[in-house]
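Everything below concerns the one structure shown next.
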Amino acid sequence: MGLSSLGIFHTVIGVVAIIAAVVSLIKSAKIDLGKLAGKIYFYCTLVTSLTALGLSSIKGPNPGHILALLIVVLVSVAYFLYAKKPGNNRSRFVENFFLAFSFFLSLIPTVNETFNRVPVGHPLANGPKDPLIAKTLLVLFMLFIAGSIWQFRKQKRINKVI
């Protein structure tokens, strides 16, 4: 696989972040920063995104670095809204969307790297432009859109009650 120590650390923390997001989505239908899984997602995603800045197969900044910085901004703004704008209000819509979008964006390099490395010796894909990667990301994008609509409707009902 050829991963550096930083690459291994980045991958392990990234997998923990993804598992935490899935657990939070299953339990709360959103990445809930008030619960343990949401907190794990937040911190592990920050670490994963920041360590991604030290990883590159080419010299200089690349689209992966920009994606990592965008994810840092999304989770940071979501955390700010969570901490500074408590209660069930309009801020929850943005917070929920930013966390869900950060999760979707995290899956782009995850799918690409996984499909191009696994199984070892006979990877599922042959480069980032492989149709299998595109199809997988399209399915994940459709799930993200459907999940975002569901979260929006659920939050709208919660805001009406309170």
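We did not get these values from a lab; they are worked out from the coordinates using the rules stated. This structure is a prediction, so every number in the text was calculated from the model and none was measured. So basically every Cβ, Gly included, is an ideal-geometry build from the backbone, and we count neighbours across all protein chains shown.
Could you line up 32, 130 from fewest to most neighbouring Cβ atoms inside 10 Å?
Least to most surrounded, the residues fall as 130, 32.
Could you quote the convex hull projected area for the chain, Cα atoms only and averaged over all directions, in nm²? Please list the in-between numbers first.
Numbers: hull surface 39.0 nm².
Computing the convex hull of the Cα atoms and averaging its projections yields 9.7 nm².
With r as the distance between the Cβ atoms of residue 67 and residue 132 and R0 = 22 Å, compute the FRET efficiency 1/(1 + (r/R0)^6) and round to 0.05.
Efficiency at R0 = 22 Å is approximately 0.65.
Between 135, 59, 84, find the one with the highest GNM mean-square fluctuation for the chain; connect C-alpha pairs within less than 10 Å.
59
Given a 10 angstrom Cα cut-off, can you work out which residue in 145, 31, 71 is the most mobile in a GNM of the chain?
Looking only at 145, 31, 71, the biggest GNM fluctuation is shown by 145.
For the chain, what are the DSSP H helices with axial Cα length of 30 Å or more and mean Kyte-Doolittle hydropathy of at least -1.0?
Helices meeting the span and hydropathy rule in the chain are 5-28, 63-84, 90-117, 131-161.
Quick one: if you take sqrt(5λ) for each eigenvalue of the C-alpha gyration tensor of region 1-88, what semi-axes come out, biggest first, whole angstrom?
The equivalent ellipsoid of region 1-88 has semi-axes of 27, 16, 9 Å.
Roughly speaking, what is the stretch gain from residue 50 to residue 124, that is 0.36 nm per residue apart minus the C-alpha to C-alpha distance, in nm to one decimal?
Between residue 50 and residue 124, full extension yields an extra 23.9 nm.
To the nearest 500 deg cm²/dmol, what mean residue ellipticity at 222 nm is calculated for the chain from DSSP H runs of n ≥ 4 alone, each contributing -39,500 (n - 2.57), summed and divided by the residues? Please report the intermediate quantities before stating the final value.
Working: 5 runs with 122 residues, N = 162.
Mean residue ellipticity, 222 nm, calculated: -26500 deg cm²/dmol.
Mind checking the full-extension length gain between residue 9 and residue 116? Use 0.36 nm per residue of separation minus the Cα-Cα distance, one decimal, nm.
Working: separation 107, 0.36 × 107 = 38.52 nm, distance 1.87 nm.
Here the answer is 36.7 nm.
Could you let me know the centre-to-centre spacing of region 58-137 and region 1-55, using Cα atoms, in angstrom?
Cα centroid to Cα centroid, the span is 10 Å.
Among 63, 108, 33, flag the residue with its Cα farthest along the positive direction of the charge dipole of the chain, charges on Cβ as +1 for Lys/Arg and -1 for Asp/Glu.
The one lying farthest along the dipole's positive direction is 33.
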